[in-house]
Every structure is written in structure tokens, then in C-alpha cells.
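**Q** One structure, as C-alpha cells, below. Some questions next.
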Amino acid sequence: TRIRLNAPFDQTLVDNAYKLLKQLPYLRLKDLPTVSFVNGKATVNFYMEDKKANQVDGVAGFLPNQQAAGSQTTKLIVTGEFNLNLKNMAGKGKNMRIEWKRLKPESQQLSMEYFHPNLFGSPMNVIPMFDLLKQDTTFQTVTGTIKTNFNLTGSAKMGFYVGSKQSRLL
């Protein structure tokens, strides 16, 4: 649950918020929270700082296109691997992950995921996901999923998802 403005003070809410904040990969808590009471109202202070949690890495190369070997134009195929993992985008708790691999000329993998917390200020989180797997000239599989979950009390969540998976022979 959340600490709400003008609600009666409850130390368990402060303790639960502290536990949840400790779990975030992009924040470091510097000290225990403090509570001060002025004019019958409580003010809670959390002492935190940003923590580097983003990841970007990749490697790229070029291979000659075997199908273009007989033609007069020489075309190259980009191969490699790329990983992008962004945490707490724009300071809003949004996360994005992209992974791409193409190690063989006719095969590649692509996986993308986005996490959007507290949609329109609600306790609902939305996570769309997409996966593509193309194996040589054999088959291709495309998977799309949308997950949602709702923040309940503490770290408890309840959620559901809907997805589609399509495979076809090439």
C-alpha cells in the first residue's frame, strides 16, 4: 500500500515502503527513513541516490552474402549481437530491454520488453513483450505477449497475461 497525503500515520507503511525501495535496482538507500511530526502532521523522508543500472553492449561484423555471390553487386550481411537494458527511464521506473542476435546469415533472434509501472497513476503495471526467432530457411516463430499486474499490499502482486505464438515453416 501507499503512504497517502493527509492519511493517519502508520509506521508499518513506512517500513513496507523502505523494504520495497531497497529492492529497486536503480536506487541506493543511504540511510533509514526519518519521520518528523509538526503541527500534528507527519513528514516521512527517504534518503536515496541514483545507482547505475543501465546496460548497453554489442558487437557487429560483416559477412559476404552467399546468395549474391553470382551477381555483380557484392552485398554484405550485418551479423552480431546487441543488448540494451535501460532501467528507470526518465526517472519514472520504466524499463526497456532489447536483445538482438544474428550469428548466421539466415538466422536471427530479436527479443523486446517494456515495463510501464502505475499506468495513469493506478496500481496497474503493463509489460508488452515481443520475440522473433528465425532459424535458417527452416522456420520462423513470432511471439507477442501483454502482461499486466496489480500492486497489492507490500510486495504482493496479482496479474494476468495474454499472448500469441505463431510458427511457420519457411
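Condition check ((1) of a type outside the set (D, E, K, R); (2) at pLDDT 95 or above; (3) within 21 Å of the chain's Cα centre (by Cα)) across all residues:
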site: Lys75; (1), (2), (3): no, no, no
site: Val78; (1), (2), (3): yes, no, no
site: Gly93; (1), (2), (3): yes, no, yes
site: Ile98; (1), (2), (3): yes, yes, yes
site: Asn151; (1), (2), (3): yes, no, yes
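**Q** Name, by its number, the condition in (1) within 31 Å of the chain's Cα centre (by Cα); (2) open to solvent by less than 70 Å² (accessible area, probe 1.4 Å); (3) free of Cβ contacts under 8 Å to residues at least 12 places away in the same chain that does not hold for Leu5.
**A** Single failed check for Leu5: (2).
**Q** Ok, one more. Could you check how many residues of the range 33-52 are under 28 Å from the mean Cα position of the chain (by Cα), farther than 10 Å from Val14 by Cβ and part of a loop (DSSP other than H, G, I, E, B)?
**A** Residues meeting the conditions: 3.
**Q** Go through the range 95-170 and tell me which strands (runs of 3 or more DSSP E), entirely inside it, have 2 or more residues that are open to solvent by less than 50 Å² (accessible area, probe 1.4 Å).
**A** Details: elements: 108-115, 124-135, 139-151, 157-169.
Counting at least 2 such residues, we get 108-115, 124-135, 139-151.
**Q** Could you list, in sequence order, the residues of the range 31-65 that are touching a residue at least 40 places away in the same chain (Cβ under 8 Å) and either under 22 Å from Tyr18 (Cα atoms) or loosely packed, with under 10 Cβ neighbours inside 10 Å (or both)?
**A** Val44
The values are calculated or read from the model by the stated rules, or taken from the named source; none is laboratory data. This one's a predicted model, so the numbers in the text were calculated from it and none came from an experiment. Cβ sites come from the backbone with ideal geometry, for glycine too, and all protein chains shown count toward neighbours. Calculation scope for accessible area: heavy atoms of the full protein, side chains included, ligands and nucleic acids excluded. Shrake-Rupley method; radii C 1.70, N 1.55, O 1.52, S 1.80 Å.
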